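Report on the following structure.
Values in this text are rule-based calculations from the coordinates and carry no lab data. All values reported here derive from a predicted model rather than from experimental measurement. Here the Cβ positions follow ideal geometry from the backbone for every residue, glycine too, while neighbour counts run over all protein chains shown.
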Amino acid sequence: MGRPQLEAGRRRTKRLGVRVSAAEWRLIETRAARAGVRPTSFLREAALSSPARSPSSVDLATVEERRELRRIGANLNQVARHLNAGRDAEVLSVLRELNEWIVGRVSRPR
């Protein structure tokens, strides 16, 4: 005698195909084994239990850190431009500003 049929709403009739690399597959198999389930059950549970991340849910701290890095990069570009033009006094001025900005960021509590 076979397994009893599930009611229509609980049957899994849709198939999902996902390609992964060999390394990703090994990691999935390892994690599934640790959880004591098959890889398909592991993936189903992981997909259905974790919230989806949308671009709007990006951590605002990360956005601010990227802005800060852009500012630092812009300052470093100014330093390089002044050095290449032989304007050492202007380079010192930019470096002082950069130093003050960094010290202000580091000493400020997060």
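Kirkwood Rh, the chain, all Cα pairs: how many Å? Spell out each step's value before the answer.
Numbers: mean 1/r = 0.0496 Å⁻¹.
Result for the chain stands at 20.1 Å.
Mind checking which helices in the chain clear 18 Å along their axis (Cα) and have mean Kyte-Doolittle hydropathy of -1.0 or more, DSSP H runs only?
22-35, 60-84, 88-107
Name the residue farthest towards the positive end of the dipole of segment 1-106 from the options ALA23, SER93, LEU48, assuming +1 on Cβ of Lys and Arg, -1 on Cβ of Asp and Glu, about the Cα centre.
Positive-most Cα among the choices belongs to LEU48.
Work out how much length ARG96 to LEU69 would gain on full extension: take 0.36 nm times their residue separation and subtract the Cα-Cα distance, in nm to one decimal.
Here the answer is 8.0 nm.
Looking at segment 1-106, which GluC sites (Glu not before Pro) are in a loop (DSSP not H, G, I, E or B) and have at most 11 other Cβ atoms within 10 Å?
GLU7
For every helix of n ≥ 4 consecutive DSSP H residues, a contribution of -39,500 (n - 2.57) applies; sum these over the chain, divide by its total residues, and give [θ] at 222 nm rounded to the nearest 500 deg cm²/dmol.
So the calculated ellipticity at 222 nm is -21500 deg cm²/dmol.
Can you pull the one-decimal nm distance between simple spin-label points at ARG3 and ALA80, each 7 Å off the Cα toward Cβ?
6.0 nm
Test of the criteria: in segment 1-96, which trypsin sites (Lys or Arg not before Pro) are in a DSSP loop and have at most 14 other Cβ atoms within 10 angstrom of their Cβ?
Details: sites: ARG10, ARG11, ARG12, LYS14, ARG15, ARG19, ARG26, ARG31, ARG34, ARG44, ARG53, ARG66, ARG67, ARG70, ARG71, ARG81, ARG87, ARG96; in loops: ARG11, ARG12, LYS14, ARG15, ARG19, ARG53, ARG87.
Passing sites in segment 1-96 are ARG11, ARG12, LYS14, ARG15, ARG19, ARG53, ARG87.
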